[in-house]
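To start, the structure itself, in structure tokens.
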């Protein structure tokens with residue numbers, strides 16, 4: 001079901017991709033300083049410590065979390081334990097171009113999973129929105145050149161990103177199709193902490209497997225500390241807060257279109273930090289992506 005978007009919902013749906021674009025840039029910068037799965041674990045460990053003063057009550061034995069632990073264990077696995085770990089892992093063997101292109105299939109997976117697993121059929125408007133939005137992302141990633149797009153080659157990292165995208169699609173649908181306990185409803189810090197408790201356990205277990213395979217080298221220093229501080233506060237806490245509220249308001253399918261703003265924001269960040277000048281295709285891609293959002297979110 002589609003809903004009209006309020007300014008506040010739009011702001012949150014835009015802020016989350018902006019922060020996640022920064023997460024991709026920082027994640028690529030840190031991939032030589034810390035193993036990818038360990039990066040995800042340390043990131044959420046820091047986020048847990050930052051959120052604890054606001055939501056420590058969730059950890060109490062009588063917390064409303066525990067009767068619903070299966071729901072939060074699944075949300076923690078899909079959203080915290082898997083998605084970013086797979087993305088960081090993908091960046092070890094795949095190019096940023098391929099990873100972002102695979103991730104741009106998010107609206108498609110949202111529609112497929114919604115139809116197959118949650119009984120929500122896709123409307124013609126949503127299908128048209130998918131085509132417009134994905135076309136805009138492809139335009140950004142190909143830099144306006146079909147030759148560069150055709151030169152893409154799949155590597156194992158691309159498959160990791162497919163798994164990450166599917167994981168996030170299931171996570172987003174579960175946010176909407178199941179409801180949290182009344183005591184946690186409306187308390188964003190408690191709701192995120194409920195997921196983080198289990199997500200931290202999942203990510204810690206995955207990091208343990210990574211260390212058992214010999215990936216233990218960490219280069220401590222200010223670059224790593226600054227990168228960890230950003231991804232723990234911005235993409236972890238703030239972006240998850242924005243996405244959780246906005247996805248429940250607008251629906252996961254509409255939210256999936258906004259995620260396609262991530263590569264566009266990544267291009268802008270590259271302009272700022274790498275000195276790359278913007279091009280005409282950036283403006284055209286922005287128009288296509290926004291067009292897909294507008295078409296998909298309009299009422300029939």
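I need a count of the residues in the stretch 150-160 that are in a loop (DSSP other than H, G, I, E, B) and modelled with pLDDT of 85 or more. Spell out how you get there, then give the answer.
If we filter the stretch 150-160 for residues that are in a loop (DSSP other than H, G, I, E, B), which is where we start, we get 151-155.
Remaining after also requiring modelled with pLDDT of 85 or more: none.
So the answer is 0.
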Among the residues of the stretch 215-227, is any part of a loop (DSSP other than H, G, I, E, B), under 14 Å from residue 19 (Cβ atoms) and touching a residue at least 24 places away in the same chain (Cβ under 8 Å)? no
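Looking at the structure I just gave you, is residue 163 modelled with pLDDT of 80 or more, in a helix (DSSP H, G or I), in contact with a helix residue (DSSP H, G or I) (Cβ under 9 Å, 6 or more places away or on another chain) and farther than 28 Å from residue 258 by Cβ? I'd like the intermediate steps shown before the answer.
Values: modelled with pLDDT of 80 or more: yes; in a helix (DSSP H, G or I): yes; in contact with a helix residue (DSSP H, G or I) (Cβ under 9 Å, 6 or more places away or on another chain): yes; farther than 28 Å from residue 258 by Cβ: no.
Criteria not met by residue 163.
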Go over the candidates 249, 185 one by one and state the one that is at pLDDT below 75, more than 18 Å from residue 29 (Cβ to Cβ) and surrounded by fewer than 22 Cβ atoms within 10 Å (Cβ to Cβ). 185
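Does residue 116 meet the test of being surrounded by 17 or more Cβ atoms within 10 Å (Cβ to Cβ), modelled with pLDDT of 75 or more and either touching a helix residue (DSSP H, G or I) at 6+ places or on another chain (Cβ under 6 Å) or part of a helix (DSSP H, G or I) (or both)? Full working, then the answer.
Values: surrounded by 17 or more Cβ atoms within 10 Å (Cβ to Cβ): no; modelled with pLDDT of 75 or more: yes; either touching a helix residue (DSSP H, G or I) at 6+ places or on another chain (Cβ under 6 Å) or part of a helix (DSSP H, G or I) (or both): yes.
When the stated conditions are applied, residue 116 does not pass them.
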Inter-residue pairs, beta-carbon under 7 Å, first farther than 16 Å from residue 54 by Cβ and in the stretch 176-191, second surrounded by 13 or more Cβ atoms within 10 Å (Cβ to Cβ) and at pLDDT below 70, 6+ apart: 176/252
Residue check, residue 230 against (1) in a loop (DSSP other than H, G, I, E, B); (2) surrounded by 15 or more Cβ atoms within 10 Å (Cβ to Cβ), all met but one. Which one? (1)
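Quick check, is residue 176 at pLDDT below 80 and in contact with a helix residue (DSSP H, G or I) (Cβ under 9 Å, 6 or more places away or on another chain)? Outline the logic, then answer.
Values: at pLDDT below 80: yes; in contact with a helix residue (DSSP H, G or I) (Cβ under 9 Å, 6 or more places away or on another chain): yes.
Yes; evaluated as a whole, the condition is true for this residue.
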Picking from 18, 5, 50, the residue that is surrounded by 15 or more Cβ atoms within 10 Å (Cβ to Cβ), assigned to a helix (DSSP H, G or I) and touching a helix residue (DSSP H, G or I) at 6+ places or on another chain (Cβ under 9 Å) would be 18
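I'm checking my understanding of the structure. Among residues of the stretch 252-285 that are in a loop (DSSP other than H, G, I, E, B) and buried (at least 17 other Cβ atoms within 10 Å of the Cβ), which one is modelled with the lowest pLDDT?
Taking the stretch 252-285 first, the residues in a loop (DSSP other than H, G, I, E, B) are 260-261, 275-279.
Restricting the remaining residues to those that are buried (at least 17 other Cβ atoms within 10 Å of the Cβ) gives 260-261.
On the way: 260: 70, 261: 77.
Applying the filter and picking the extreme gives 260.
The values are calculated or read from the model by the stated rules, or taken from the named source; none is laboratory data. These numbers come from a predicted model, not from an experiment. Methodologically, a virtual Cβ is constructed for each residue, glycine included, from the backbone with ideal geometry; neighbour enumeration extends over all protein chains shown.
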